[in-house]
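The values are calculated or read from the model by the stated rules, or taken from the named source; none is laboratory data. This structure is a prediction, so every number in the text was calculated from the model and none was measured. Note that each Cβ is placed from the backbone with ideal geometry, even for glycine, and that neighbours are counted across all protein chains shown.
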Amino acid sequence: MPFMGSVEAIRTENGGNAAAGPVSNGEAHQNGAASPVSETDSKALAVLDVDEAAAKKAKGSALPLEVGTRVMCRWRDQNLHPVKVIERRKLPSGGPNDYEYYVHYTEFNRRLDEWVKLEQLDLKTVETYVDEKMEDKATSLKMTRHQKRKIDETHVEGHEELDAASLREHEEFTKVKNIAKIELGRYEIDTWYFSPFPPEYNDCFKLYFCEFCLNFMKRKEQLQRHMRKCDLKHPPGDEIYRSGTLSMFEVDGKKNKVYAQNLCYLAKLFLDHKTLYYDVDLFLFYVLCECDDRGCHMVGYFSKEKHSEESYNLACILTLPPYQRKGYGKFLIAFSYELSKKEGKVGTPERPLSDLGLLSYRGYWTRVLLDILKKHKGNISIKELSDMTAIKVDDILNTLQSLELIQYRKGQHVICADPKVLDRHLKAAGRGGLEVDVSKLIWIPYKEQS
C-alpha cells in the first residue's frame, strides 16, 4: 500500500503532543497490579535520583549545545517554550561554535519541529541530559504499572502497528525534516514531517512541484521550464464528480504509477505515521480539486484499496495545509462513504487512525448519525443506521457510546435518543462540512470496470 494504515484529515487547533516513544520496560506489562517498592528498589531509586539530579542540573551554556539538551526557545509567537535538541549542524561560514539546532517543542506535535538559530535559545535555561537511558529507567521505577501502561498507550498513538523497537527506529530515521518548504501552484507551504525522497534531493531546503502532474524539481527555473511543456491541467485519470468549482478525479495507481508515487512523496511531508510504499498498483487515488480557468488545483485526496478483504473504504487521507479548516476533510470522508453506498457495502477507514484523523471521523460520524436519529426520533435500529449510511456497525456503536446515546439491555443495544440531548450534541458537533451532491457523481465500482 502507498501508506501504512491510518488517516490524516483536517488540521485542528488541538495540536496534541506527539511523544517520542514508549518507555521500554517490559516488566510493567507482566502483572496487572502495582506491588510495593522493595528496600533494594528504594536504594537503587535513591542512587538513580542522585544521578538523575546531577544530570539534569548540569547547567551551563557550553557551546556547541549537545544533542539531547533541553532549553527554552523563542517560538513564532515570541514566547519562550521548552524544547529538546534533536540534531545540530555547523554553519558553513561560522566559527567553531557556530551551529544551528533542530529542536522539538515538547508541548507540541512533531510537525512543528524546526531548525533554529542560537539567538533564539535562552542559554540561561540549559539543562543537559547526560544519560537518557538512566532517565528512562528512573522514570520507569517511579511509575506504577498502571501509569506505565497508560503512558505507553499515549506514546504510540498513531503508531499502533509498530512495536517499541520499531517505533524508536521510525522516529530516529524520520526525526529531522529533510525538506523544509514546497511550492505547489500559488502556495509556498511549510512541511511538517520527513519524506523519503530520492537521495539526490537530500540537500534541498525547498522543492518545486508541478501542481498538475506532481513532478518535483530542485529549482524554480526548472519548474518554469517544465510548466511550459506540461500538457496536464488536471490530475490524470477520470473525472467522476463536478459540482460548481469542485471536481474529483479517480487515478488508478497502476495506470498512473509516477503520479501516484509523487503524490505519496508529497503527502508524506504532512503525515507523520505513514510508511511509504512504492507499489501503488493496488490502489485508487481520489484527488479533490478546485477548478478555475487555469486548471484544476489539488486540494487533497484519499486512497483506497481496489479490493479490501477488511471492508476498508479509505486507506489514507490528506487535506493540504492551505485548504484546511474549510470542510474539505469531511467532504473527502463523506465521498468515501458515497462510493461504498454505490458498491452496496459498509465501509470503515483503515486502522490505526491518526490523532487528527480520529477527530475528523468522529466529527463526521457524530453529525451523520445525530441528523438521522433526530429525523427518526430515535426509532431506528443499529443495523438500519448502518444500511442507510454505509458506516460499519462497530463505528456506529463506538460513536453512540461516546455520546452516551446507547445502552445495553437484555442482550441487545438500545438507542436512547432524547430530543433535547440530540439538540445539545448537534450544537456541539458544529457545522457538517461541504455536502456531496450525489446526483453529480458518475462512477462505476472498480470490480465492474472493463
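Assorted remarks:
- First in segment 404-420 and aliphatic (A, V, I, L, M), second anywhere and assigned to a strand (DSSP E or B) and modelled with pLDDT under 85, Cβ under 7 Å, 6 or more apart: Ile406/His413; Ile406/Val414; Val414/Gln407
- One residue alone among Lys148, Lys229 is farther than 23 Å from Arg111 by Cβ, of a type in the set (D, E, K, R) and either surrounded by fewer than 15 Cβ atoms within 10 Å (Cβ to Cβ) or at pLDDT 90 or above (or both), and that residue is Lys229.
- Strands (runs of 3 or more DSSP E) enclosed by segment 227-329 - at least 1 residues per element that are in contact (Cβ under 8 Å) with a residue 12 or more places away in the chain and among the β-branched types (Val, Ile, Thr): 238-243, 246-252, 283-292, 295-305, 316-319
- Helices (runs of 4 or more DSSP H) fully within segment 354-450 counting 2 or more residues that are at pLDDT below 95 and in contact with a helix residue (DSSP H, G or I) (Cβ under 6 Å, 6 or more places away or on another chain): 355-376, 419-429
- Val438 among the β-branched types (Val, Ile, Thr), at negative phi, loosely packed, with under 15 Cβ neighbours inside 10 Å and in contact with a strand residue (DSSP E or B) (Cβ under 6 Å, 6 or more places away or on another chain): no
- Residue count, segment 77-108 (criterion: of a type outside the set (A, V, I, L, M) and either part of a loop (DSSP other than H, G, I, E, B) or in contact with a Ser or Thr (Cβ under 7 Å, 6 or more places away or on another chain) (or both)): 15
- Restricting attention to segment 342-363, the residues that are in contact with a strand residue (DSSP E or B) (Cβ under 9 Å, 6 or more places away or on another chain) and not small (Gly, Ala, Ser) total 9.
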